[in-house]
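Asker: What follows is a single structure, and I will ask about it in a moment.
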Amino acid sequence: MSGGSLGIRSGSYGSLDKQGLNGVLPIQAASATRTKAYSKMLKEKETLIHWICKFAGRKKVGMLLLCVISAAVFVWVVYFGEDQENDNGSKVNDNLALNNPLINVVQSIRIDNWTSLAVSVKETKVGVMHPPPPSYFLGYTLPPGHPCNTFTLPPPPADKKRTGPRPCPVCYLPVEEAVALMPKVPSFSPVIKNLTYIFEENLNRETEFGGSDFGGYPTLKQRNDSYDIRESMNMHCGFVKGRKPGRGTGFDIYDSDLLEMEQCNGVVVASAIFGAFDVIQQPRNISKYSKQTVCFYMFVDEETEADLKGKYENNKIGVWRIVLVRDLPYTDGRRNGKIPKLLLHRLFPNARYSLWIDGKLELVADPYQILERFLWRKNATLAISRHYKRFDVFVEAEANKAAGKYDNASIDHQVEFYKREGLTPYSEAKHPITSDVPEGCVIIREHIPISNLFTCLWFNEVDRFTSRDQISFSTVRDKIAAKTNWTVNMFLDCERRNFVIQKYHKDVLALLAQRAPPVIYPPPRPVLAPRPPPYMAKDSQRKVPPRRRRDRKSGARHHRKVSKEIV
């Protein structure tokens, strides 16, 4: 009975029938076998010790045992020390592998599991070693059935009276969801990994044409070399005269402001007004979280700062922090405005993302919603809207000449230079490129080497040729695309007009105010004739409404009766 119970109990851990024991554990046979083996091992040990003591004394035997123990400890330390070094070495390689796309391959991630890859755990002798975190952000897809997946633009309203550009709807995510989708790692930068900038104390102003002290007068050879994209590059990118942007470089900024700008390590929204040319527009529909985490910076010159005297305190107007810029490097205000527009990565060295808007624009959407819609969801690192009407550089150049935006001869010289380099008119053959002409008043980008390289090269073209950046945009974009598999996300102009509202420049507002008739608000009440007082005399002029016949008779009888009483 007891044997049966033991067989049943042991059967819960495995099948005993396969061992040929029929459900009964041979306990005593096993113990006898162990005893014989143990006694045999003791005899062998005694024989070995007796043999050693026979040929050596006890002291020598002790020394021998001590040497054996020391050797064992040494082997143990060496073995486990190598294991530990291997573990440390893997961590170093992880850090080095951040710049190696062949080692760190990151898959596309879903919206509900976007923070990490499928984690595999490797068991080792020492413990558990986790894989390194993903090195690059490669985008995500919204879950099936999400409203933004099936969102399509409605047809434009059939309003024949309004034929100009207008906004169109955009499918944004709620601010909370957009913030949750902010990548924790940077996007992949093809080819280029390290980008440094040239500093020159003594400038060589002998160049073929173009350039400035601020840009460093790069030669044509240096320009061509800057388009030969390599893993590590050293290039001109403004601020050439000083070791730190904003300090002794032209476009100089007070150290207190530079310190604050260095503290911005997330998202920066930037704009600029020079020459008191625009009125500061306060952003609307900004979430509380964005007001706490996003850096809003407005760059102004001394003329604009004097115009704003008394309108701000603690260097702020609304959400904007006002930054005074001194020693502007150009006499052309539009060209000065290209410095913060294209070189924000140099002014904010620790920022991850930036949103540039021209001074005449009013931001009416949350920055995180804009970044999610035009960068993260599209897996893009730079986004800009295309022009609403013009797609061809040659047409854009003629429009600039007709509007007197710049010297005609300089525009012609720039276009002819690009034609010799291979610039052709825009056509459908360039698809998937949708346009060669951007609407450059808004730039959305991530600060990684490839996008920083693009804006540096774009600025160098503006510094060398005309300040009309729409003319040089496609040349820089296409030269980079020819060397890398990188391009710009060019979205619709009507989508841009959804999150920024364009206002008039200050001079246009003044002109409109002169032409418009004066408006008095509230309008004056109409002047009415004074009503006669109730005690007016009987002989005063007063219109008496005609009486009916019946009333006339009753009035006559009443008159006769009164006359009799008087008599």
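Asker: For residues that are open to solvent by 60 Å² or more (accessible area, probe 1.4 Å) and on the phi < 0 side of the Ramachandran plot, scanning just region 267-299, find the one that is farthest from the chain's Cα centre (by Cα).
Answerer: By that ranking, first place goes to F277.
Asker: I've got another one for you. In region 488-498, is there at least one residue being modelled with pLDDT under 95, farther than 22 Å from R334 by Cα and within 19 Å of the chain's Cα centre (by Cα)?
Answerer: No - not one qualifying residue is present in region 488-498.
Asker: Now a separate question. Please determine whether any residue of region 267-289 is touching a residue at least 40 places away in the same chain (Cβ under 8 Å), among the polar types (S, T, N, Q) and in a helix (DSSP H, G or I). Give the derivation first.
Answerer: Restricting attention to region 267-289, the residues satisfying the condition of being touching a residue at least 40 places away in the same chain (Cβ under 8 Å) are 267-287, 289.
When the remaining residues are screened for being among the polar types (S, T, N, Q), the result is 271, 281-282, 285, 287.
Of the ones still in play, those that are also in a helix (DSSP H, G or I) are none.
The answer is no, given that none of the residues of region 267-289 is touching a residue at least 40 places away in the same chain (Cβ under 8 Å), among the polar types (S, T, N, Q) and in a helix (DSSP H, G or I).
Asker: Name the single residue, out of those in region 300-314 being of a type in the set (D, E) and open to solvent by 30 Å² or more (accessible area, probe 1.4 Å), that is farthest from K360 (Cα to Cα).
Answerer: Selected residue: E313.
Asker: Tell me which residues, restricted to region 117-167, are loosely packed, with under 10 Cβ neighbours inside 10 Å, under 22 Å from M182 (Cα atoms) and at pLDDT below 90.
Answerer: Result: A118, V119.
Asker: Continuing with this model, one more query. State which residue is modelled with the lowest pLDDT when the search covers only region 433-474 and only residues that are of a type outside the set (A, V, I, L, M, F, W, C) and assigned to a strand (DSSP E or B).
Answerer: So, considering only residues that are of a type outside the set (A, V, I, L, M, F, W, C) and assigned to a strand (DSSP E or B), the one modelled with the lowest pLDDT is G440.
Asker: Another question, if that's okay. For region 212-266, which residues satisfy the criterion of being over 16 Å from V476 (Cα atoms), surrounded by 15 or more Cβ atoms within 10 Å (Cβ to Cβ) and hydrophobic (A, V, I, L, M, F, W, C)?
Answerer: F214, M233, F239, V240, F251, I253, L258, M261, C264
Asker: Mind counting the residues in region 168-206 that are assigned to a loop (DSSP other than H, G, I, E, B), touching a Ser or Thr at 6+ places or on another chain (Cβ under 6 Å) and open to solvent by 40 Å² or more (accessible area, probe 1.4 Å)?
Answerer: Going through region 168-206 one residue at a time, the tally reaches 1.
Asker: Could you give me the residue pairs with C-beta distances under 7 Å whose first residue belongs to region 345-370 and is within 16 Å of S290 (Cβ to Cβ), whose second residue is acidic (D, E) wherever it lies, and which are 6+ apart or on separate chains?
Answerer: Listed pairs, sorted by first residue: R352/E446; Y353/E446.
Asker: Now a separate question. In region 433-449, what residues are polar (S, T, N, Q) and open to solvent by less than 10 Å² (accessible area, probe 1.4 Å)?
Answerer: Within region 433-449, S435 is the sole residue that qualifies.
The values are calculated or read from the model by the stated rules, or taken from the named source; none is laboratory data. The structure displayed is predicted, hence computed values, not measured ones. With ideal geometry, Cβ positions are generated from the backbone for all residues, glycine too; neighbour counts draw on all protein chains shown. The area values use the complete protein model at the heavy-atom level, side chains included, leaving out ligands, DNA and RNA. Shrake-Rupley method; radii C 1.70, N 1.55, O 1.52, S 1.80 Å.
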